[in-house]
Amino acid sequence: MDANQFIVMNGKELVFEPGETILDVARRNGIDIPTLCYLKGASPTGACRICLVEVEGARNLVASCATPAAANMVVRTESPRIREARRLNLELLLASGRHNCLVQEMDLESWADFQLKAMKGQDGGELCPAYGECRLQELAVKYQARPKGLPPTDTVYPVEDVNPFIVRDFSRCILCGRCVQACNEIQVNNAISYGYRGAQSKIVAKGDLPLVNSDCVFCGECVQACPVGALVPKADYGTGRLPLEARKVRTTCPYCGVGCQIRLHVDDGKIVRVTGVQEVGPNYGSLCVKGRFGHDFVNHPDRLKKPLIKDGDRFREATWDEALDLVARRLGEIKEQAGPDALGLFTSARITNEENYLAQKFARAVLGTNNVDHCARL
């Protein structure tokens with residue numbers, strides 16, 4: 001190995017590959033450098049200044065996510081100077097909007113009462129829907145960031161909740177840009193970008209329109225990328241339900257044959273949220289609008305739970321054995337009387353490739369017909 005491909009990080013010689021950043025080398029070697037704006041698979045911006053590290057010979061701290069590794073570079077990832085810089089940046093972010101996860105001015109008893117009240121559904125909107133899963137909250141606790149003395153920033157823009165899937169709470173946005181990168185570089189929908197300047201800055205759709213009137217396809221990639229409570233599923237907003245309360249179950253998305261891996265967030269026997277599994281293929285966390293938001297049918301009160309048999313003009317509930325016996329008998333009778341081409345089979349877009357394969361195999365090998373189609377609404 002060429003000696004010019006080594007850097008020294010926290011006293012250890014580490015190999016780097018051309019094009020790797022300091023953060024890449026650190027993560028590959030199990031060295032933790034905290035980040036907020038960094039999004040895997042997207043271009044680094046160095047916007048949040050949380051991943052700052054010391055590089056020997058450099059006048060200032062540098063953003064590890066955007067600084068290429070170089071031969072003989074000497075890097076320190078933890079020092080009093082680094083921790084103080086990170087803490088200050090976190091305090092500025094906490095003061096930049098309505099980040100009441102730590103409720104800076106409350107005593108412990110008041111904070112406990114506030115949490116209990118919010119979780120019971122009273123003033124549920126006051127408790128951030130990202131509580132417990134907020135990266136800003138996690139880092140604020142780690143670095144003991146409490147922005148006392150810093151004037152809070154006024155909320156300039158109202159909450160946008162006019163679309164059926166996503167709530168945009170601009171008061172909690174830290175302008176990290178992860179949603180913009182997720183939309184433009186990961187999903188390549190190019191529906192949102194930065195808008196305005198200074199204290200008026202915000203993430204905007206084209207023409208600063210609400211998402212429902214924009215080019216947004218509601219894939220929810222921005223929601224999954226948001227490290228705070230600025231973008232949340234509408235079903236979560238104002239409920240007082242905490243993300244940590246839900247049990248997570250990994251499964252395969254039922255909508256198409258791609259096989260996207262998803263996690264069902266299940267609370268009290270009901271699916272309350274769906275997220276992509278980021279560490280595995282084929283989707284690596286990305287989902288479409290159906291995969292992320294189209295699971296209301298699972299708990300819908302009109303969903304059939306028992307087979308129905310039509311007697312005259314009305315349907316009656318039946319057992320599975322009775323229903324299957326009836327279907328088998330009638331299919332056999334029709335095939336014998338009118339031939340197999342009198343039969344046809346509809347499959348569903350909401351079942352797996354394997355199940356659709358079995359369905360067409362049944363049609364061709366058992367019924368003897370090639371009349372196979374599918375209906376996306378089934």
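Bear in mind that the values in this text are calculations on the coordinates, not laboratory data. It should be emphasised that the depicted structure is a prediction, and the values quoted were computed from it without experimental measurement. Neighbour counts run over all protein chains shown; Cβ positions are idealised from the backbone, glycine included.
So what are the radius of gyration and Dmax for the Cα set of segment 169-285, in Å?
15.4, 46
Starting at the first residue of segment 69-77, write each ³J(HN,Hα) from the Karplus equation 6.51 cos²θ - 1.76 cosθ + 1.60 with θ = phi - 60°, in whole Hz, x for Gly and Pro.
Working through the residues one at a time gives 5, 9, 4, 6, 5, 10, 10, 10, 9 Hz.
Indicate, rounded to the nearest 5 percent, the antiparallel portion of the DSSP beta bridges found entirely in the chain.
Taking every DSSP beta bridge within the chain, about 85 percent pair in antiparallel fashion.
To the nearest 10 degrees, how steep is helix 80-94 against the longest Cα principal axis of the chain, on a 0 to 90 scale?
Once rounded, the angle reads 60 degrees.
If we count other beta carbons within 10 Å of each Cβ, what is the order of Lys335, Lys306, fewest first?
Ranked by crowding around the Cβ, least crowded first: Lys306, Lys335.
Specify the angular offset, from 0 to 90 degrees and rounded to the nearest 10, of the alpha carbon long axis of helix 320-338 from the longest principal axis of the alpha carbons in the chain.
In the chain, helix 320-338 runs at an angle near 60 degrees to the longest axis.
Along the positive direction of the dipole of the chain (beta-carbon charges: Lys, Arg +1; Asp, Glu -1; about the Cα centre), which of Gly149, Cys65, Gly195 reaches farthest?
Of the candidates, Gly149 comes out farthest on the positive side.
Based on DSSP H runs of at least 4 residues, each adding -39500 (n - 2.57), what is the mean residue ellipticity at 222 nm of the chain after dividing by all its residues, to the nearest 500 deg cm²/dmol?
-6500 deg cm²/dmol
Which order do peptides 173-181, 290-298 fall in by mean Cβ count within 10 Å, highest first?
Top of the packing list down: 173-181, 290-298.
With an 8 Å cut-off on Cα pairs and a minimum separation of 6 or more residues, tell me the relative contact order of segment 206-349 in percent.
After rounding, I find 15 percent.
Name the lysines eligible as straight-distance cross-link partners of Lys361: C-alpha to C-alpha under 19 Å, and not fewer than 8 places from it in the same chain.
Output for Lys361: Lys335.
Using a simple charge model, +1 on the beta-carbon of Lys and Arg, -1 on the beta-carbon of Asp and Glu, nothing else, what dipole does segment 3-78 show about its Cα centre, in debye to the nearest 20?
Computed charge dipole of segment 3-78: roughly 160 debye.
In debye to the nearest 20, how big a dipole does the chain give about its Cα centre with +1 on each Lys and Arg Cβ and -1 on each Asp and Glu Cβ?
Roughly 160 debye, rounded to the nearest 20.
Output the peptides 160-166, 61-67 sorted from most to least packed, where packing is the average of other Cβ atoms within 10 Å over each peptide's residues.
61-67, 160-166
At a Cα cut-off below 20 Å, give the lysines reachable from Lys305, other chains included and same-chain residues fewer than 8 away excluded.
In chain and number order, the partners are Lys270.
Determine, from the Cβ-Cβ distance of Asn60 and Lys248 and an R0 of 41 Å, the FRET efficiency 1/(1 + (r/R0)^6), rounded to the nearest 0.05.
0.50
With angles folded into 0 to 90 degrees, how steeply does helix 108-119 sit against the dominant principal axis of the chain? Use alpha carbons for both and round to 10.
20 degrees
Under a cut-off of 15 Å between alpha-carbon atoms, report the aspartates and glutamates in cross-link reach of Lys202, not counting same-chain residues fewer than 8 places apart.
Straight-distance partners of Lys202: Asp154, Glu160, Asp169.
Taking R0 as 22 Å, what FRET efficiency do you get between Leu88 and Lys12 from their Cβ-Cβ distance, rounded to the nearest 0.05?
Plugging the Cβ-Cβ distance into 1/(1 + (r/R0)^6) gives 0.20.
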